[in-house]
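Some notes on the structure that comes next.
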Amino acid sequence: MSSIRHWRRWRQRRRTDRERARAWRPTQWSLWSAPRVVIGYVLVVDIAAFAVLIGTLQFVDVHRRDWLWLAVLAVGSAIHIEGARGIERLREVAAEGVPYVNLKGMWTFAGVLVLPPPLAGLLIALTYAHSWFRLRRVTPHRWLFSAATIVLAGAAAGVCLVAIDADSYPGYPAGIVGLFAVTVAGLAYWFTNYALVVGAVLLSNPEANARAALGRLSDQAIVAGSLGLGVAAASLLRHEPWVVVVLLLTILGLHRALLVGQFQTAARTDPQTGLANSVFWHELARKELARAERTNTPLGIVFLDLDRFTSINDAYGHLAGDQVLKAVANTLSRELRADDLVARFGGEVFAVLLPAGDAVDTVATGERLRTLVEGLRIPVNSPGGKVELSELTCSVGVATYPASGTTLEQLILAADTATYAAKKAGRNRVVTAPDRTPDTPHPA
């Protein structure tokens, strides 16, 4: 049996190797099935990067020390990629349709700062080739495009360094001028890469939301951090090369901790609306209820259920339904206080937690949200083209602690029952859960 398993694994590996080899054939790339404007954009970027590499071969002399620095940066990049490989596979899949942010820029930007352009280009090629072979989540033409954007970003940074102090290049001047030089180079590096990637995302999917294509602000903070670490690595190479090992170990620990935290956040978020999901809402609601009990303060819960939402899906399609959910989610998020927590509870139901919300405040919030939803005008995509949906309504149920219940389960049931009562009474209204006394069983 063992020999059969080994034979099957060998066959599977051979099959995988053949598929990977076919994927590298340009004729097999899915790029050619893309719109012409996308094909042209990608080819222009790739050719421009190749021209930059060829054009800089004689730009500066390459010394033995440069080869040593290249080896240190390449090894550091390889160890970094291996150490974070598992979580980066997941992140790259999760980043589909938006700019994919990673910390490889730490090594490539360090190379741009201290290596001659040909060796900096070689470092970029080695880093991205290693990443592709180990992660294997990106098609070859996309890998090539990503590497090309980094080459062009490095060229933009190099131009800035030369313009500020040509005598120090490759490298950067000391003192305040050096700080200015690496800052300008970092901004040029970031902007060039970011603009090229966002352009590709928008051209590939013209209907994509521009805000989603730009990515999250927190992702750009990661990019800024990686460039700062690149400056640190470059400085250490120039003065204390052995300390790069310590920096690498530090980065590996921070990288894993940072990205695990990102995935914990993602696990608490509803992917369609960007709101908290019901699991996270329950978790925070229990903590807020415990605080309310401890401080003897009220707590409000609002349930909002979109009326006749199924008819939107049936008439305009599920894409339109998703757009309605996002529009409602954005409206609720903007209207509520910073301390309030709104979540998508499931389907077309939203739940709002109001810390310190008494009965008057909770009912007023429910009525305000109902009015806002009723006044929405939402442009959506349908099989027949763009349409604007209006006259959207919702049924709202509110419950408060301690009047409606003293446990989270009781409060949720009270708000849910009130929402059902609002629907039964004709929809598009707010119903308050009745007060519950110790002698009165909670409504079932």
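The values are calculated or read from the model by the stated rules, or taken from the named source; none is laboratory data. Because the structure is predicted, anything quoted here is derived from the model rather than measured. Cβ atoms come from the backbone with ideal geometry, glycine included; neighbour counts cover every protein chain shown.
Among the helices (runs of 4 or more DSSP H) contained in segment 222-330, which hold 3 or more residues that are at pLDDT 85 or above? Spell out how you get there, then give the answer.
Numbers: elements: 243-267, 278-295, 309-316.
Here the list reads 278-295, 309-316.
Would you please list the contacts, defined by Cβ atoms under 6 Å and residues six or more apart or on different chains, that run from a residue in segment 126-152 that is closer than 15 Å to residue 43 by Cβ to a residue that is at pLDDT below 80 and part of a loop (DSSP other than H, G, I, E, B)?
Within 6 Å, the pairs are 140/24; 141/29.
Have a look at 273, 269 and point out the one that is surrounded by 15 or more Cβ atoms within 10 Å (Cβ to Cβ), under 30 Å from residue 383 (Cβ atoms) and free of Cβ contacts under 8 Å to residues at least 40 places away in the same chain.
Residue meeting the stated conditions: 269.
Any idea which of 91, 137 is modelled with pLDDT under 90 and assigned to a loop (DSSP other than H, G, I, E, B)?
Details: 91 fails: assigned to a loop (DSSP other than H, G, I, E, B).
Among 91, 137, only 137 is modelled with pLDDT under 90 and assigned to a loop (DSSP other than H, G, I, E, B).
Yes or no, residue by residue, for (1) surrounded by 17 or more Cβ atoms within 10 Å (Cβ to Cβ); (2) in a strand (DSSP E or B); (3) modelled with pLDDT of 95 or more; (4) among the acidic types (Asp, Glu):
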{"position": "381", "(1), (2), (3), (4)": "no, yes, no, no"}
{"position": "397", "(1), (2), (3), (4)": "yes, yes, yes, no"}
{"position": "414", "(1), (2), (3), (4)": "yes, no, yes, no"}
{"position": "418", "(1), (2), (3), (4)": "yes, no, yes, no"}
{"position": "421", "(1), (2), (3), (4)": "yes, no, yes, no"}
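So, in segment 290-305, exactly how many residues are surrounded by 24 or more Cβ atoms within 10 Å (Cβ to Cβ), aliphatic (A, V, I, L, M) and either touching a Gly at 6+ places or on another chain (Cβ under 6 Å) or without any contact (Cβ under 8 Å) to a residue 12 or more places away in the chain (or both)?
Of the residues in that region, 1 qualify.
Anything in segment 42-67 that is assigned to a helix (DSSP H, G or I), more than 13 Å from residue 122 (Cα to Cα) and out of contact with any Phe, Trp or Tyr (no Cβ under 9 Å at 6 or more places or on another chain)? List them, or say none.
Here is the first cut: in segment 42-67, the residues assigned to a helix (DSSP H, G or I) are 42-55, 64-67.
Okay, now just the ones that are also more than 13 Å from residue 122 (Cα to Cα), so 42-48, 51, 55, 64-65.
Hits for segment 42-67 are 43, 44, 47, 48, 51, 55, 64, 65.
Which of the residues that make up segment 28-60 are surrounded by fewer than 16 Cβ atoms within 10 Å (Cβ to Cβ), farther than 17 Å from residue 148 by Cα and touching a Pro at 6+ places or on another chain (Cβ under 7 Å)?
The one that is surrounded by fewer than 16 Cβ atoms within 10 Å (Cβ to Cβ), farther than 17 Å from residue 148 by Cα and touching a Pro at 6+ places or on another chain (Cβ under 7 Å): 59.
Can you spot a residue in segment 348-370 that is hydrophobic (A, V, I, L, M, F, W, C), farther than 30 Å from residue 294 by Cβ and crowded, with 20+ Cβ neighbours inside 10 Å? Steps first, please.
Here is the first cut: in segment 348-370, the residues hydrophobic (A, V, I, L, M, F, W, C) are 349-354, 356, 359-360, 363-364, 369.
Narrowing further to those that are farther than 30 Å from residue 294 by Cβ: none.
There is no residue in segment 348-370 that is hydrophobic (A, V, I, L, M, F, W, C), farther than 30 Å from residue 294 by Cβ and crowded, with 20+ Cβ neighbours inside 10 Å.
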